[in-house]
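Each remark here refers to the structure printed beneath this line.
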Amino acid sequence: MALTTAPDPTRRGSGSVRPDAKRRGTGRIRHGEGLAGYVFLSPWLIGLMGITAIPMLLSLYLSFTNYDILTPLSEVEWVGLANYERMFTSDPSWWHSVRVTLSFALIAVPLKLAAALGVALLLNRAWRGVGLFRGLFYLPSLLGGSVALAIVWVNMFNRDGAFNSFLALFGIEGKPWVNDPDWALETLMVLAIWQFGAPMVIFLAGLKQVPTELYEAASVDGAGRIRQFVNVTLPMLSPVIFFNLVLETINGFQGFTAAFVLSNGTGGPVDSTLMYTLNLYITGFTDLEMGYASAMAWVFLLAIALITVVFFSTGRFWVHYSDGEDS
């Protein structure tokens, strides 16, 4: 009787694959997948390095120099913390731009969110043609911070603009709102509030997620519309409110285009619209003090980061999620 032996898995052609060969094959597949991933990510990585990371590091270096754009980088003078010292101790225009920006953000952002939430509540109904109204209210946000929209807005609030013509129908004498130091910034606030479409859409999405059973239970307990709004709608919308608050606050501090167009790039009249970003632009590209402008930019970045940290730190006290966990 012939004896049979089991094939040796270590011999070639035995019909089985060696474990180390399997590992090498799997490793090659993973290496190929990783390489393909980096190839697809390469446009973003190149953009991140060339447009964001490297310019940021360069501006950080320039913030410690007296660079004026016209001087080669190899010849700039290192001044240390002099730019930052000048900013906080001997530059009244910097402090003025901080006050203007804070006034704009503290007034325009809450009113914009209130308008967005109010309109979202009105449009959160199954009315005929409600989709059309949603689109119309969202349209100003599509225009964003465009120069054309800012020009139209300036013409509307001129001495002979449409707003004064409207007031004349009721016998009210208008004024050159955009040229009045007491009202120029307020016209920019109205423009910012009018562009409430983006947060409105987000509020609408949040309202759609509020369970109707909560309103029914509150109604059975005798709660009216106001109590339902305070005790049901606002707590359930707190994550959405938090999200919109953070985004709109950052956008409010970054306002530039409308202030630039209204004042012809000067921050006038009488520096009443000298937003921080506009002051930074004037310092860097009009006065050619790019080193000082870089220092202003980094202080601005740190301020925005600090405000964001404060929001996230205090959010756990008032932001509530449906699973019962705070932010």
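Details
- Computed E for Glu77/Leu139 - FRET, C-beta separation, R0 51 angstrom, nearest 0.05: 0.50
- For the range 123-278, the dipole from Cβ point charges (+1 on Lys and Arg, -1 on Asp and Glu) about the Cα centre works out to 520 debye, to the nearest 20.
- For the chain, the solvent-accessible area with a 1.4 angstrom probe is 62 square angstrom per residue.
- Carbon and sulfur %, accessible surface of the range 52-131 computed with the full protein complex present, 1.4 Å: 69
- Qualifying chymotrypsin sites (Phe, Trp or Tyr not before Pro) in the range 102-194, where qualification requires a DSSP coil assignment and no more than 12 other C-beta atoms within 10 Å, comprise Trp127, Phe170.
- Taking all protein chains as shown and a probe of 1.4 angstrom, Ser74 keeps an accessible surface of around 110 Å².
- When only the Cβ of Lys, Arg, Asp and Glu is charged (+1, +1, -1, -1), the dipole of the chain relative to its Cα centre reaches about 1780 debye.
- Note on Ile250: accessible area approximately 40 square angstrom, rounded to 10, probe 1.4 Å, nucleic acids and ligands left out.
- By accessible area, using a 1.4 Å probe on protein heavy atoms only, the range 213-286 has 63% of its surface on carbon and sulfur.
- Met156 sits with roughly 70 Å² accessible to a 1.4 Å probe, with DNA, RNA and ligands left out of the calculation.
- Treating r as the C-beta distance of Asp68 and Leu167 and R0 as 41 Å, the FRET efficiency rounds to 0.30.
- Summary: within the chain, the longest segment free of trypsin sites (Lys or Arg not before Pro) located in DSSP loops with at most 12 other C-beta atoms within 10 Å is 160-315.
- Take the Cβ atoms of Val210 and Gln254, set R0 to 41 Å, and the FRET efficiency comes out at 0.85.
- Where labels lie 7 Å past Cα in the beta-carbon direction, separation of Val152 and Leu121 in nm: 2.9
- Calculated diffusion of the range 81-126, Stokes-Einstein form, Kirkwood radius summed over Cα pairs, 4 °C and 1.567 mPa s, µm²/s: 97
- Among Asn164, Gly174, Thr101 - extreme Cα towards positive end, dipole of the range 97-187, charges at beta-carbon: Thr101
- With Cα atoms as the point set, the radius of gyration and Dmax of the range 64-170 evaluate to 22.9, 68 Å.
- Here is what passes the span test in the chain: the DSSP H helices with alpha carbon length of 18 Å or more along the helix axis and a Kyte-Doolittle mean of -1.0 or above are 19-47, 92-123, 130-143, 234-253, 290-315.
- Calculated on alpha-carbon atoms, Rg and Dmax of the range 114-240 in Å: 19.1, 56
The values are calculated or read from the model by the stated rules, or taken from the named source; none is laboratory data. Just so it is clear, the structure is predicted and the values come from calculations on it, not from any experiment. Methodologically, a virtual Cβ is constructed for each residue, glycine included, from the backbone with ideal geometry; neighbour enumeration extends over all protein chains shown. Ligands, DNA and RNA are excluded from the accessible area calculation, which covers all protein heavy atoms including side chains. Shrake-Rupley method; radii C 1.70, N 1.55, O 1.52, S 1.80 Å.
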